[in-house]
Amino acid sequence: MSNEPPKLDYRDPEWVADQLGIDKNTVYKYLQDGSLPGLQLGRKWLISERRLADFLERVERQQTDRRRQQTSGSQRPFALPQRIALNPDKPDPAE
């Protein structure tokens, strides 16, 4: 184990908004309703980069699992669809 002190990796909501490509007010809303993990010191909010990354990975897994459950038994989204003849009177040159 290293004797180095833990690194402070806290960022402000504006940085998080910029990294995620969302409005900073959305970040503040998520912090205030507890959707996004953060620390409030007085009026200032701080978000740990490490915890943000963990949070995003967890939410990504949850959303992916939910989508998979909703589409279970149906065709995979990355499978190519069957070719449909746009003009049934003309033969398809690909066949």
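Things worth noting here:
- Selection within segment 55-77 - at pLDDT below 65 and either within 21 Å of the chain's Cα centre (by Cα) or closer than 24 Å to Gly38 by Cβ (or both): Arg76, Pro77
- For segment 19-48, taking the residues that are at pLDDT below 95 and in contact with a strand residue (DSSP E or B) (Cβ under 8 Å, 6 or more places away or on another chain), the one that is surrounded by the fewest Cβ atoms within 10 Å (Cβ to Cβ) is identified as Pro37.
- Residue in segment 41-59 that is assigned to a helix (DSSP H, G or I), free of Cβ contacts under 8 Å to residues at least 24 places away in the same chain, touching a Lys or Arg at 6+ places or on another chain (Cβ under 6 Å) and of a type outside the set (D, E, K, R) present: no
The values are calculated or read from the model by the stated rules, or taken from the named source; none is laboratory data. Because the structure is predicted, anything quoted here is derived from the model rather than measured. In this analysis, Cβ positions are derived from the backbone assuming ideal geometry, glycine residues included, and neighbour counts consider all displayed protein chains.
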